[in-house]
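Visitor: Handing you this structure, nothing more for now.
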Amino acid sequence: MTESKGIKDLRSKMLSYETGIDPEGNSKAVLVRHIPFGFFEKELLNYFLQFGTVQRVRVARNKKTGNHKGWAFVLFTNYEVAQLAAEAMDGYLMFEKRLECKVIKNKDFPSCLRKGPRIIPPPLKNATRKRHAKKLNKIQSGWCEEAAKKRLLKNMEIRGSEFAKLGYQLPPIIGLSETKQIIPVISKTIPMKAEVIKSDDTKSQVPSKRSRKLKKSFTARKTTTD
C-alpha cells in the first residue's frame, strides 16, 4: 500500500524533529533492483562485503508465497562505502540481469533495516500460504461479515449490469432477502442479426460434398457397364 504525499511529509518532519537527521540527506542503505534468481541474502552479503562492513541485508519477498520480488536493501556502516558500492554496481550485468543500485534518502529508510539480525533466512515455500489459509478460514466477527457482504453485493451489482447488457440475469444469492437481491435492468436494444442473402441463380450454387461423391460413383458405374 503506497503512502500519500502528506503522510510522507509528516514522516520526514517527525524524523528530523526526533533524531535531528536531514530527511533529504543520503542514508547508509543501498537499494538493489533487478537481482537475478539465486542472488539472495547470503549471496548479497558475501558479495557486498568486498566494499566494506555490511550491517544488514533484506530481500523483499511475498508474504504469502515467500517468492522474491526482484529487489533488496543492503545497509552499510559508513556513508562513503554505501555511495561507493552504489556507483560501482549500478548498471553491472549479472546473469543476464542489469543491476540498478542507488543510495536511498533518510526519509525513505525502511523500518526492516532498523533492527534485527544481519540476514533473515528465506521462508519455506508455501509455509506462509497455509498460515494465510488458516487466517481466512477463522470465524470472523459480525463487522467483518457485514463488510464482506457489502463487497460481494458491490461486485455482483457490477457483474449483473454487465450480464444484463447481454440479456442474461444472474441467479439469486443464497442467504439474502428478496429486497436485497440484485435485479439488473435488461437492455431493450436487440442486436441486429446478419441477413442471409439467398441467390435464385442455381448455377452459382456450389454442390455439396455428398452430391460430388454420388456423381463420381455414378460415372464410375457407367464406365464399367460400357
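Visitor: Inspect all residues belonging to the stretch 75-84 and state whether any of them is under 17 Å from Leu113 (Cα atoms) and in contact with a helix residue (DSSP H, G or I) (Cβ under 8 Å, 6 or more places away or on another chain).
Guide: Yes; the residues of the stretch 75-84 include at least one that is under 17 Å from Leu113 (Cα atoms) and in contact with a helix residue (DSSP H, G or I) (Cβ under 8 Å, 6 or more places away or on another chain).
Visitor: If Ala88 passes every condition in (1) assigned to a helix (DSSP H, G or I); (2) over 18 Å from Pro36 (Cα atoms) but one, which one does it miss?
Guide: The single condition Ala88 does not satisfy is (2).
Visitor: Then there's this: In this structure, does Ile186 turn out to be closer than 30 Å to Gly25 by Cβ, surrounded by 11 or more Cβ atoms within 10 Å (Cβ to Cβ) and either under 29 Å from the mean Cα position of the chain (by Cα) or modelled with pLDDT under 75 (or both)?
Guide: no
Visitor: Would you be able to say whether some residue in the stretch 136-151 is under 30 Å from Arg58 (Cα atoms) and either assigned to a loop (DSSP other than H, G, I, E, B) or at pLDDT below 80 (or both)?
Guide: Looking for residues that are under 30 Å from Arg58 (Cα atoms) and either assigned to a loop (DSSP other than H, G, I, E, B) or at pLDDT below 80 (or both), one finds at least one in the stretch 136-151, hence yes.
Visitor: Name the one entry in Gly116, Gly66, Gly142, Gly91 that is more than 23 Å from Glu24 (Cα to Cα) and surrounded by 14 or more Cβ atoms within 10 Å (Cβ to Cβ).
Guide: Step by step, each of Gly116, Gly66, Gly142, Gly91 is checked, and only Gly66 is more than 23 Å from Glu24 (Cα to Cα) and surrounded by 14 or more Cβ atoms within 10 Å (Cβ to Cβ).
The values are calculated or read from the model by the stated rules, or taken from the named source; none is laboratory data. Computed from a predicted model, the values in this text were never measured in an experiment. No Cβ is skipped: glycine too gets one built from the backbone with ideal geometry, and neighbour counts run over all protein chains shown.
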